[in-house]
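Written out below as structure tokens is the structure these notes cover.
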Amino acid sequence: MAGRRSAEERKAQIVAQTLRLADEIGPDRLSTTDVARAVGISQPAIFRHFPTKGALWQAVAEEVLDRLQKNWALAEAGASDPDARLKALIRAQLGVIESLPALPSILFSRELQVDNPALREVVQGTLGAFQARLVEAIRDSQAACGMRSDIGAADAAIMLTSLVQGVAIRWTLGARRFSLVQEGLRLFDVQMALMRLTRDTPHD
């Protein structure tokens, strides 16, 4: 039958529409009926692909994680030194958020924080994986005398992830009136200037 989709194609379509609708109407208000209507199938058909709404949200999180991991790998592969790697990772993270504007809302949704422990676990694992990459790059920069060694690498990574999350929230609340990537990288440069080694900075 023309137009008939495979199960994998249909699942990918459902996940994509869930992300789009989560941005338009909010993750906590989003129902499987909304998703089914957007896809053009019946609500029971949603549950043939995802047995529960929670399973659908977990698939959404795994799709986001896959996209992030691919962008992280590309960012690191193209970087020439630890500081460039750090900036490329931040740029990649901001770029994915800008392309999936529902993400900040999902991070603070009831679906994530209260109703769906499996989703929360995937998201926490994703944030932890990103932070681990930042820690490695920061330690390499410190070893090369680029960044201050009197700042713990884990603490510096937390400051950078907090920068990303903070500018993403401001971008969302400000109706996306500015470029998330440009503003995030501007603030990254400010933060890095404070953490770079200078003549007066104590070092090992």
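The values are calculated or read from the model by the stated rules, or taken from the named source; none is laboratory data. Computed from a prediction, not measured in an experiment: that's the story for all the values here. As a convention, Cβ positions derive from the backbone with ideal geometry for all residues, glycine included, and neighbour counts pool all protein chains shown. Keep in mind that these areas ignore ligands, DNA and RNA; they rest on the heavy atoms of the full protein, side chains included. Shrake-Rupley method; radii C 1.70, N 1.55, O 1.52, S 1.80 Å.
How big is D for segment 128-175, in µm² s⁻¹ as a whole number, if Stokes-Einstein is applied with the Kirkwood radius of its Cα pairs at 25 °C and 0.890 mPa s? Walk me through the numbers on the way to the answer.
Values: Rh = 11.5 Å.
Estimated via Stokes-Einstein, D reaches 213 µm²/s.
Expected output is a single nm value to one decimal: the length gained when fully extending between Phe108 and Ala193, i.e. 0.36 nm times separation in residues minus the C-alpha distance. What is it?
27.6 nm is the gain from fully extending Phe108 to Ala193.
Can you give the FRET efficiency for Ile169 and Ser80, using 1/(1 + (r/R0)^6), R0 = 35 Å, r = Cβ-Cβ distance, to the nearest 0.05?
0.65
Rounding to the nearest 20 debye, state how big the charge dipole of segment 70-156 is about its Cα centre with +1 on each Lys and Arg Cβ and -1 on each Asp and Glu Cβ.
On the way: 9 positive and 11 negative charges, 23 e Å.
The calculated dipole for segment 70-156 is roughly 120 debye.
Quantify, in whole percent, the carbon and sulfur part of the accessible surface of segment 61-129 (1.4 Å probe; protein heavy atoms only).
53 percent
Which entry is the computed Rg and Dmax of the Cα atoms in Å for this structure: [x] 18.6, 66; [y] 19.6, 72; [z] 18.1, 62?
Derived directly from the coordinates: [y].
With the convex hull built on the Cα atoms of segment 71-170, state its orientation-averaged projected area in nm². Write down the numbers at each step before the final one.
Values: hull surface 26.6 nm².
Orientation-averaged projected area of the Cα hull: 6.6 nm².
DSSP loop (so not H, G, I, E, B), at most 10 other Cβ within 10 Å: list which trypsin sites (Lys or Arg not before Pro) in segment 116-204 pass both filters.
Working: sites: Arg120, Arg133, Arg139, Arg148, Arg170, Arg176, Arg177, Arg186, Arg196, Arg199; in loops: Arg148, Arg176, Arg177, Arg199.
In loop regions of segment 116-204 (DSSP not H, G, I, E or B), the sparsely surrounded trypsin sites (Lys or Arg not before Pro) are Arg177, Arg199.
On average, how much accessible surface per residue is there in segment 32-83, in Å², for a 1.4 Å probe, leaving out ligands, DNA and RNA?
Ligands and nucleic acids excluded, the figure is 52 Å² per residue.
Taking every pair of distinct Cα atoms and averaging 1/r, then inverting, what Kirkwood hydrodynamic radius in Å comes out for segment 148-190? Can you show the working numbers first?
Details: mean 1/r = 0.0897 Å⁻¹.
Mean inverse Cα-Cα distance, inverted, gives 11.1 Å.
Which lysines, on any chain, are close to Lys11 with Cα under 29 Å apart, when same-chain ones fewer than 8 places away are left out?
Cross-link targets: Lys53, Lys70.
Could you work out how much longer the chain between Thr52 and Arg5 gets when fully extended? Use 0.36 nm per residue separation minus the Cα distance between them, nm to one decimal.
Length difference between fully extended and current span is 14.8 nm.
With every protein chain left in place, what is the accessible area per residue of segment 110-150 in square angstrom, probe 1.4 Å?
That works out to 52 Å² for each residue.
Distances longer than 12 Å among the Cα atoms of segment 14-54: what percent of all pairs is that? Please list the in-between numbers first.
Working: 421 of 820 pairs.
Beyond 12 Å sits 51 percent of the P(r) for segment 14-54.
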